[in-house]
Structure formats: C-alpha cells, structure tokens
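A.B. asks: Okay, handing you the structure first.
The values are calculated or read from the model by the stated rules, or taken from the named source; none is laboratory data. Bear in mind the structure is a predicted one, so any value in this text is a computation, not a measurement. Counting neighbours? That spans all protein chains shown, and the Cβs are built from the backbone with ideal geometry, glycine included. Protein only, heavy atoms only, side chains kept; ligands, DNA and RNA dropped before computing areas. Shrake-Rupley method; radii C 1.70, N 1.55, O 1.52, S 1.80 Å.
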Amino acid sequence: MTRYDVKRELKQCYAPKNTDWALVEVPAQQFIAVEGSGDPNTSADYARAVEALYAVAYTIKFASKALDRDFVVGPLEGLWWSDDPEVFVTRVKDAWQWRMLISQPDWITEDLIDEARKTALEKKGLPAIAEVRRETLDEGTCAQLLHVGPYDDEGPALARLHHEYLAANGLRMSGHHHEIYLGDHRRTEPAKFRTVLRQPVRVSDL
C-alpha cells in the first residue's frame, strides 16, 4: 500500500525553497479545523485545540487505513487574522485570531470525519474535539516563502510583504495569513524551525 503524503504531492505548497516572497498557485484542499483566539504560547484553549485536532486526525488515518487507503498525517497549519494586520509584525499575540488545520486527502468524506470525531471524543474525552470540523480552502494565487528560524523572527518578512512586496507587484491581501509548520518543534531548536508563510493575494483595484 502506497501512503499518500501531502508534502510530496503538493511540493510547491509544502516544500518551497525560496526564502523571499514569490507567487504560487495553491489548489483547493480540504482540512479538519478548530479555531479560537489569543496568544498561542500561553493560551490553554490553543493547546487543547491542537490536541483535539491531532486526536481526530489520527482517528481518521486509522479509519482510512482500514479501508486500504493509508496516508501520512499532514503538518499542523494555521490561519491567523486580526482587525489590525500589523499585530503580526509587532507580535501582539493577545490580539490574534486563529484557525488550526490539518490537511486531508480528497477521498476522506465528511461522514468519515464526523464518525472519527465521535470516536475520538468517546476515546479521549477531550471537549475540544466536539469543535473540530471540516474546512475547505481555495486560496488560489498566494505570496509564499520558507522562513527558517524562530516564529518570533517572522516580523521582518511580514513587514516586507505588507509594506514593499504587495505594492511593488500591484497586489492586495485577499485572505487570512497562513502558516505551515514543518517538522516537530518539540524536537528542533528554534533556529532550525521551518515554517511556510503564505498570504492569498489578488490584483489591486486601481
């Protein structure tokens, strides 16, 4: 049985090599998702949400494997937004809204996700599991780069995007800031963190 791996199938989205902003076309994908707000470093709700998301993701994987369709659980991803986008440059994290995501293969149905959520909730007893839901994203044209280093060092790259790159290329933001966390941050020193930074964009109205 060949295991599906989204990082391999969508290399342009999950394995970019460019460390400055460049455009990429992102196809529509389905995810499981859970959302909340506040500083991800200190919010108990954030930690519970991520734990719930992984519980459902692995339950889906095992159910799919029983159907002879195995896959690698995708990396943790996050959509981030605020009334003031500058809080991501200045790192005012209490003002952040977030929706955490894990990509799902296209053969995973909504019914299978619903059943996996019920099974995970019965097994794990984590209330946040009840908040996990299916989400479809169709981001289209995006500005994207690979950031290497601590999460809090992302500010300069985001400032370049907001204040230089978009205007220079006649673009505007058209969706939530998107991050993809490659590798396991629990086993990696911050200087070697690898994060895909992505921003859906559209041509500016002149």
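A.B. asks: Give the residue that is most open to solvent (accessible area, probe 1.4 Å), with candidates limited to residues of region 99-112 that are closer than 17 Å to L76 by Cα and not hydroxyl-bearing (S, T, Y).
C.D. replies: By that ranking, first place goes to R99.
A.B. asks: Would you please name the residue that is farthest from L79 (Cα to Cα), looking only at residues in region 1-36 that are hydroxyl-bearing (S, T, Y) and open to solvent by 80 Å² or more (accessible area, probe 1.4 Å)?
C.D. replies: T2
A.B. asks: Can you tell me how many residues within region 72-89 are of a type in the set (A, V, I, L, M, F, W, C) and open to solvent by 30 Å² or more (accessible area, probe 1.4 Å)?
C.D. replies: The qualifying residues number 3.
A.B. asks: Which strands (runs of 3 or more DSSP E) sit wholly inside region 90-206 and have at least 3 residues that are over 28 Å from T59 (Cβ atoms) and in contact with a Pro (Cβ under 9 Å, 6 or more places away or on another chain)?
C.D. replies: So the answer is 140-148.
A.B. asks: Another question, if that's okay. Checking the condition outside any helix (DSSP H, G or I), within 29 Å of V201 (Cα to Cα) and open to solvent by 20 Å² or more (accessible area, probe 1.4 Å), which residue from D39, D68 passes?
C.D. replies: Of the residues listed, the single one that is outside any helix (DSSP H, G or I), within 29 Å of V201 (Cα to Cα) and open to solvent by 20 Å² or more (accessible area, probe 1.4 Å) is D39.
A.B. asks: So, one more: Which count do you get for residues in region 28-50 that are free of Cβ contacts under 8 Å to residues at least 40 places away in the same chain and among the aliphatic types (A, V, I, L, M)?
C.D. replies: Looking only at that region, the number is 2.
A.B. asks: Additional query: Considering only residues that are under 16 Å from the mean Cα position of the chain (by Cα) and among the charged types (D, E, K, R), look in region 137-193 and name the one that is surrounded by the most Cβ atoms within 10 Å (Cβ to Cβ).
C.D. replies: E139
A.B. asks: Of everything in region 17-36, what is more than 23 Å from R91 (Cβ to Cβ) and part of a loop (DSSP other than H, G, I, E, B)? Give them in sequence order.
C.D. replies: Matches in region 17-36: K17, N18, P27, A28.
A.B. asks: Okay, next question. Only one of A95, A15, A55 is touching a Lys or Arg at 6+ places or on another chain (Cβ under 9 Å) and under 25 Å from G175 (Cβ atoms); which?
C.D. replies: When all the criteria are applied, what remains is A15.
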